[in-house]
């Protein structure tokens, strides 16, 4: 196995003098402190002891039962790739119009949104300690893998990938759309982002990494955080509401992404050694960033 390099770094710098005014009410020291506290909280939660011997008698939803025993490392790796693209796309969209004060502010808000969502996700994971679907597999190769994984095998509830991608999709698209006058590009970003987010969540189920209830809750929480946090930094007159075309693109993207994930061929395998994908705040000179990475 080799560590994957940082997939995406989102940074906000206070060392550059920007000429353009920004409608976003961002305080670098305040947001940096919030991001740092959320990161420290997530790291602290990772020290909570986990009992990997537990097995649930029944799952949260009736259809969760059908996922038990499945495992596909190759599908898991595919979901990691799509998730990384989902996080990166809004950054390129915002930076496409140039790096100014507004872009820096939006980068900071994006990092904060994702950091909050992932802190809430980590809190649930370490308190609930739900066994992942593949823990119930009787395949000798999967059994050996579970024995070697220790903690990660009991961090199913709720899906970190689903939380991450829906936070990134909604927050990122909102932050871009709030200052874009091009409805077509706004709709395109919403559609592509939610298509990739939906595909990622669906592939986590098909990979045996999560149950349906895990990804559904992750999607709702991520979308909720992504829709709420950016709005807190705008005055009422500056707040942006997606048009009917954008809402249609959102719905179409989710349908397309989900359908695409469920028609992809999936092989039950333990061929690709994956350690999942991690995300954490990254301190940078004059600002703060967000690192997304994993082990493949």
> Being at pLDDT below 95, surrounded by fewer than 22 Cβ atoms within 10 Å (Cβ to Cβ) and either within 20 Å of the chain's Cα centre (by Cα) or part of a helix (DSSP H, G or I) (or both), is that true of even one residue in the range 178-192?
Replying inline: no
>> With the requirement that a residue be without any contact (Cβ under 8 Å) to a residue 40 or more places away in the chain and crowded, with 18+ Cβ neighbours inside 10 Å, what does the range 251-268 give you?
In response: none
> Quick check: anything in the range 133-141 at pLDDT 95 or above, farther than 30 Å from residue 268 by Cβ and in a helix (DSSP H, G or I)?
Replying inline: no
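Quick check on residue 280: is it in contact with a helix residue (DSSP H, G or I) (Cβ under 6 Å, 6 or more places away or on another chain) and either modelled with pLDDT of 95 or more or buried (at least 19 other Cβ atoms within 10 Å of the Cβ) (or both)?
No; evaluated as a whole, the condition is false for this residue.
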>> I'd like the full set of residues that are in contact (Cβ under 8 Å) with a residue 60 or more places away in the chain and out of contact with any helix residue (DSSP H, G or I) (no Cβ under 7 Å at 6 or more places or on another chain), limited to the range 126-136.
In response: 127, 136
> Restricting to the range 71-83, what's the tally of residues that are surrounded by fewer than 22 Cβ atoms within 10 Å (Cβ to Cβ) and either touching a strand residue (DSSP E or B) at 6+ places or on another chain (Cβ under 6 Å) or modelled with pLDDT under 95 (or both)?
Replying inline: 1
> So, of the residues in the range 222-247 that are at pLDDT below 95 and part of a helix (DSSP H, G or I), which turns out to be nearest to residue 24 (Cα to Cα)?
Replying inline: 238
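Condition check: within 18 Å of the chain's Cα centre (by Cα), crowded, with 17+ Cβ neighbours inside 10 Å and either more than 15 Å from residue 167 (Cα to Cα) or modelled with pLDDT of 95 or more (or both). Does residue 218 satisfy that?
On the way: within 18 Å of the chain's Cα centre (by Cα): yes; crowded, with 17+ Cβ neighbours inside 10 Å: yes; either more than 15 Å from residue 167 (Cα to Cα) or modelled with pLDDT of 95 or more (or both): yes.
Answer is yes for this residue.
For residue 166, state whether it is more than 19 Å from residue 24 (Cα to Cα) and outside any helix (DSSP H, G or I).
On the way: more than 19 Å from residue 24 (Cα to Cα): yes; outside any helix (DSSP H, G or I): no.
It is false that residue 166 is more than 19 Å from residue 24 (Cα to Cα) and outside any helix (DSSP H, G or I).
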> Out of the range 44-97, which residues are within 18 Å of residue 174 (Cα to Cα), in a helix (DSSP H, G or I) and without any contact (Cβ under 8 Å) to a residue 12 or more places away in the chain?
Replying inline: 92, 95
>> Against the conditions (1) closer than 20 Å to residue 110 by Cβ; (2) surrounded by fewer than 21 Cβ atoms within 10 Å (Cβ to Cβ), where does residue 161 fall short? Just the number, please.
In response: (2)
> Which condition number in (1) at pLDDT 95 or above; (2) assigned to a loop (DSSP other than H, G, I, E, B); (3) within 21 Å of residue 178 (Cβ to Cβ) is the one that residue 22 fails?
Replying inline: (1)
> Of (1) modelled with pLDDT under 95; (2) surrounded by fewer than 18 Cβ atoms within 10 Å (Cβ to Cβ), residue 288 satisfies all except one. Which?
Replying inline: (2)
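The values are calculated or read from the model by the stated rules, or taken from the named source; none is laboratory data. Quick caveat: nothing in here was measured; it's all calculated off a predicted structure. As a convention, Cβ positions derive from the backbone with ideal geometry for all residues, glycine included, and neighbour counts pool all protein chains shown.
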